[in-house]
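Comments concern the structure below.
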Amino acid sequence: MGSHYVVVVNSYRHAREVLLKKGKDFAGRPRTVTTDLLSRGGKDIAFASYGPLWKFQRKLVHTALSMFGEGSLALERIICREAASLCETLSAAQDTALDMAPELTRAVTNVVCSLCFNSSYRRGDPEFEAMLEYSQGIVDTVAKESLVDIFPWLQIFPNKDLTLLKKCLQVRDHLLQQKFTEHKEAFCGDTVKDLMDALLQVRLSAENSSPLEPGLELTDDHLLMTVGDIFGAGVETTTTVLKWAVLYLLHYPEIQRKIQEEMDHKIGLVRHPHLSDRPLLPYLEATISEVLRIRPVSPLLIPHVSLADTSIGEYSIPKGARVIINLWSVHHDEKEWDKPEEFNPGRFLDERGQHIHSPSPSYLPFGAGIRVCLGKVLAKMELFLFLAWVLQRFTLECPEDQPLPSLEGKFGVVLQVQKFQVKARLREAWRAAS
Ligand code: HEM
Ligand code: PLO
């Protein structure tokens with residue numbers, strides 16, 4: 001592709017070799033025009049090349065996420081607060097056709113906003129509206145193997161996508177800078193309320209006592225781009241999966257009914273779902289797994305780069321090659337999946353339908369190995385709780401006067417869902433119980 005040597009990996013065996021067996025050989029990232037703009041030359045995590053600073057940033061975020069998030073009841077409380085607010089909005093819109101996307105986005109945004117900045121947005125908040133707009137512009141224009149990323153010299157010509165990306169990044173940068181300044185002013189070093197504080201504290205302690213090793217200095221740009229990554233990834237990925245899940249439930253009402261029956265039976269209608277209910281709801285878990293298979297959020301992952309001369313299967317791969325893992329083909333491989341185009345959560349359940357398992361190793365929705373997704377645990381918590389809350393109360397239907405919306409994705413840095421409307425009908429059983 002252009003002057004780059006690009007290898008596309010289509011089978012799970014080769015994908016696993018690249019990501020797991022030879023993970024370190026392939027842990028690099030390419031530098032491209034658009035991702036360099038997004039990450040100020042790779043000062044984030046996702047688009048940064050392999051090296052000590054990238055490792056350090058990943059470790060810091062991992063620790064911070066497990067501290068405020070994954071292991072703590074506080075996070076469950078935050079997600080449930082947002083799920084309750086989402087349900088209220090759906091109740092208010094009863095029986096009218098509604099675009100759920102902005103509401104799902106706000107719920108998910110408020111979870112990462114709490115984690116990153118200890119703040120959240122109300123409905124109609126102008127800052128939230130601005131974020132929706134700039135983020136859409138970035139998703140549409142960044143890292144989609146566009147021509148300027150393949151032929152960098154093309155950036156000297158006027159380019160609509162690049163102009164839009166730069167405009168959106170200005171808005172994002174202003175917002176990030178504002179949060180950063182507020183945090184720096186309020187930070188006293190004792191209490192760490194969120195990811196931004198956690199990063200500031202690491203830097204402060206390095207300045208005061210144990211200086212960081214050379215090459216591990218975290219500049220303001222590194223802190224900003226790291227938080228920008230978690231915020232951006234946290235919002236766009238989980239929201240996209242929720243939209244796909246809702247869309248598939250409109251197409252497969254019998255699957256929606258089965259989830260609801262499982263919930264009525266195992267949880268009932270007098271209390272809301274908790275994370276500890278996950279083992280009780282294998283059919284819901286299997287549905288989430290199937291959504292992640294049939295419409296992978298990141299169908300080509302993020303490109304990897306070989307850091308040494310190496311090989312994949314019987315092929316020699318020179319240092320510096322770009323390696324694209326075609327997750328779409330891994331997830332739709334007919335040799336591994338029975339009728340791969342069919343949406344069938346049952347394939348992720350054991351014979352008695354009580355436990356979830358992957359029927360094939362050809363399944364890597366979060367990638368694997370050194371570059372595996374940093375937000376996997378958080379994303380799974382959110383997907384489970386948001387869907388459980390909504391489906392306990394509502395049946396989601398396609399408005400009568402509209403055709404079933406298309407299941408075709410729109411390719412970008414994430415596989416996007418085309419706009420569609422939903423009617424959220426309060427369930428009779430829920431109405432009667434409450
Ligand atoms: C990377 C999937 C949610 C943060 C990735 C990759 C995939 C992925 C496929 C690329 C792996 C590779 O290049 O080999 C998903 C899916 C999600 C999700 C399916 C939701 C269901 C999240 C969330 C966060 C997050 C909620 C943040 C809290 C990241 C980061 C990376 C990443 C920082 C880059 C890792 C690196 O390059 O070292 N994710 N992700 N993701 N994800 Fe996620
Ligand atoms: C989404 C738009 C935001 O405004 C900026 C942003 C930051 C991190 C990116 C994310 C975007 C898209 C999804 C990415 C994530 C890092 C890891 C994740 C690429 C561009 C995935 C799925 O790989």
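Here are the numbers:
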item: Selection status of residue 379, within 14 Å of ligand 2 (Cβ to nearest atom) and part of a helix (DSSP H, G or I); result: yes
item: Tally of residues being surrounded by fewer than 16 Cβ atoms within 10 Å (Cβ to Cβ) and in a loop (DSSP other than H, G, I, E, B) across region 400-420; result: 10
item: Failed condition for residue 292, given (1) out of contact with any Pro (no Cβ under 7 Å at 6 or more places or on another chain); (2) touching a residue at least 40 places away in the same chain (Cβ under 8 Å); (3) part of a helix (DSSP H, G or I); result: (1)
item: Identity of the residue in region 24-76, closer than 22 Å to residue 303 by Cα and of a type in the set (Asp, Glu), that ends up nearest to ligand 2 (Cβ to nearest atom); result: 44
item: Residue that is surrounded by the most Cβ atoms within 10 Å (Cβ to Cβ), among those in region 11-25 that are outside any helix (DSSP H, G or I) and over 22 Å from the mean Cα position of the chain (by Cα); result: 25
item: Pairs, first under 14 Å from residue 79 (Cβ atoms) in region 228-242, second part of a helix (DSSP H, G or I) and within 6 Å of ligand 1 (Cβ to nearest atom), C-beta under 6 Å, six or more apart; result: 238/379
item: Pair list, Cβ under 7 Å, 6 or more apart: region 354-370 residue within 16 Å of ligand 2 (Cβ to nearest atom), other residue among the β-branched types (Val, Ile, Thr) and assigned to a loop (DSSP other than H, G, I, E, B); result: 366/372
item: Residues satisfying the stated conditions in region 291-336, i.e. away from ligand 1 (no atom under 16 Å from the Cβ) and within 24 Å of the chain's Cα centre (by Cα); result: 333
item: Any hit, region 50-58, residues being surrounded by fewer than 15 Cβ atoms within 10 Å (Cβ to Cβ), outside any loop (DSSP other than H, G, I, E, B) and either on the phi < 0 side of the Ramachandran plot or of a type in the set (Asp, Glu) (or both); result: yes
item: Which numbered condition residue 105 fails, given (1) at pLDDT 95 or above; (2) at positive phi; result: (2)
item: Members of region 315-331 that are away from ligand 2 (no atom under 16 Å from the Cβ), surrounded by 14 or more Cβ atoms within 10 Å (Cβ to Cβ) and farther than 11 Å from residue 12 by Cβ; result: 317, 320, 321
item: Qualifying residue in region 372-390 (condition: hydrophobic (A, V, I, L, M, F, W, C), in contact (Cβ under 8 Å) with a residue 24 or more places away in the chain and more than 16 Å from ligand 1 (Cβ to nearest atom)); result: yes
item: Which listed residue, of 372, 330, is touching a Phe, Trp or Tyr at 6+ places or on another chain (Cβ under 7 Å), closer than 16 Å to residue 237 by Cα and modelled with pLDDT of 95 or more; result: 372
item: Flag if residue 285 is in a helix (DSSP H, G or I), of a type in the set (Asp, Glu) and in contact with a strand residue (DSSP E or B) (Cβ under 7 Å, 6 or more places away or on another chain); result: yes
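The values are calculated or read from the model by the stated rules, or taken from the named source; none is laboratory data. Keep in mind that what you see is a predicted model, and the values were worked out from it rather than measured. So basically every Cβ, Gly included, is an ideal-geometry build from the backbone, and we count neighbours across all protein chains shown.
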